[in-house]
Amino acid sequence: MKSPHASIYQISPYVAGNVVPADFIFTHNLASNENPFGASPTVYNAIATFVESKTHTYPDGNAVKLRKKISETFSIPFQNILCGCGSEELLHLLARTYLSPGDEVLIPRYGFSVYNIAVLSASAVPIFVERESKNKTLNVSSIIAAVTPRTRMIYIDHPGNPIGNFLDYEALTRLIQTVPPTVMIILDAAYAEYMNTSESYTAGHEFIEKHPNVVVARSFSKAYGLAGVRLGWMHAAETVIDAVNRIRAPFNTSTLAQYAGIAALGDLEFVYNAIAHTHEWRKKLDTVLCENNMSYIPCCTNFTLVHLPGRATELYHTLGKNGIIVRPMTMYKLTDHLRISIGTAEAMTALFKQIQLFNK
Ligand SMILES: Cc1ncc(COP(=O)(O)O)c(C=O)c1O
């Protein structure tokens, strides 16, 4: 049997947040940036209907009703929307559709690990763009400087995971206007819903009409509470949608996911409440970290990246043994950092108590 192509072995398998040492107690999971309230009750009703009547028939492969609902909710033309099995699938499909072996793809240092996997699995070459040392912000000039005649694609985590910061409107405009139109710019806006308090943030949908090389990927996994259902979507020029649509699996979104997505968009109040809770408790977490002399990268998402030189591993184990699972950042070689997702009031209160005890 022929071996897989060489770049496959440059990929380290993805390690999920729920893979933890055996002595950890799983009381509060603050490791995977999920919505701690789950999904809206309307979603559970929709799923129950699915379970009662639709398991035996194939899904609508074109996800027409869901795309119409996304189109209405976000005021985006129906034909510019494609749904996927999580936004992750779409990030992969874009790489498979557009990259050839040897093409260069720019990825911000500490960018979401899936970009690297998608690029290497297309036998293309990831080029990492360094961030500023202060707060690890991304500098547009560094991205532009890294573009070469072989650059085909740029992934921007927008805002970043695990870093949490973003390119503001001005920086994004400069990037899009400067990069050659032959280079695809993928704005991964999986956390966009949480950016409602950041005035200078835009997910970037408004750029697509004039700049067909821009793609925005969105997720139902975060604020909508559908991580387990696997549903995402992207907004792109019709030519891009048409190309990616040709290679996706014919039924890449299940009927269950389509029902759940429509129902989730039907109860935005649930989503707004979860977002408000997230902002409230992230600010409280930031205060507790400051009071305990722990630094963090300021952000507006549903997680905080804590910087604890020399003590991150110890805090990770202390929290884990006391029922609070957070995420070590070894996968990103940020060994002095822990990423903490915002959970319920109960989980956050337990976390604060443990941080205070740890610091005594
Ligand atoms: C930055 C970023 N993009 C994309 C994703 C993938 O989301 P989905 O669950 O929609 O595949 C994640 C998930 O953690 C993420 O953090």
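Would you compute, for the Cα atoms of the stretch 1-72, the largest minus smallest coordinate along each principal axis and list the three values in descending order, in whole Å?
Result for the stretch 1-72: principal-axis Cα extents of 43, 41, 28 Å.
Which distance in nm do the two modelled labels at VAL183 and LEU268 give, with both placed 7 Å along the Cα-to-Cβ direction?
3.4 nm
Can you list the aspartates and glutamates whose alpha carbon is less than 15 Å from that of LYS69, not counting same-chain residues fewer than 8 positions off?
Correct list for LYS69: ASP60, ASP267.
Just to confirm the filter: which GluC sites (Glu not before Pro) across the stretch 75-154 are DSSP coil and have at most 16 other Cβ within 10 angstrom of their Cβ?
GLU130, GLU132
In whole Å, how far is the Cα centre of the stretch 115-178 from that of the stretch 292-360?
Each part reduced to its Cα centre gives a spacing of 26 Å.
At a probe size of 1.4 Å, how large is the accessible area of TYR44, to the nearest 10 Å²?
120 Å²
Per DSSP H run of n ≥ 4, the term is -39500 (n - 2.57); total these for the chain, divide by its residue number, and report the mean residue ellipticity at 222 nm rounded to 500 deg cm²/dmol.
After summing the helix terms and dividing by residue count, I get -11500 deg cm²/dmol.
Which whole-number percentage describes the relative contact order of the stretch 41-266, with Cα contacts under 8 Å and a sequence gap of 6 or more?
Over the stretch 41-266, the number comes to 29 percent.
Whenever you get a sec, line up ARG131, ARG150 from highest to lowest accessible area (probe 1.4 Å, protein heavy atoms).
The residues order as ARG150, ARG131, largest area first.
Ordering PHE24, PHE74 by how much accessible area each has at a 1.4 Å probe, largest first, what is the list?
PHE74, PHE24
Indicate, rounded to the nearest 5 percent, the antiparallel portion of the DSSP beta bridges found entirely in the chain.
Here the antiparallel bridges make up roughly 50 percent for the chain.
Only Lys, Arg, Asp and Glu count, each charged at its Cβ (+1, +1, -1, -1), so figure out the dipole size of the stretch 257-334 about its Cα centre, rounded to 20 debye. Write down the numbers at each step before the final one.
Details: 7 positive and 6 negative charges, 72 e Å.
My answer is approximately 340 debye.
Could you sort HIS92, HIS56 by accessible area so the largest value comes first, with the probe set to 1.4 Å?
HIS56, HIS92
Provide, as a two-decimal number, the C-alpha radius of gyration of the chain over 2.2 N^0.38 Å, N being how many residues it has.
0.99
The values are calculated or read from the model by the stated rules, or taken from the named source; none is laboratory data. Nothing here was measured: the structure is a model prediction, and the numbers come from that model. All Cβ positions, even for glycine, are placed from backbone atoms using ideal geometry, and neighbour counts span all protein chains on display. The protein model used for the area step is the full one, side chains on, heavy atoms only, and it has no ligands, DNA or RNA in it. Shrake-Rupley method; radii C 1.70, N 1.55, O 1.52, S 1.80 Å.
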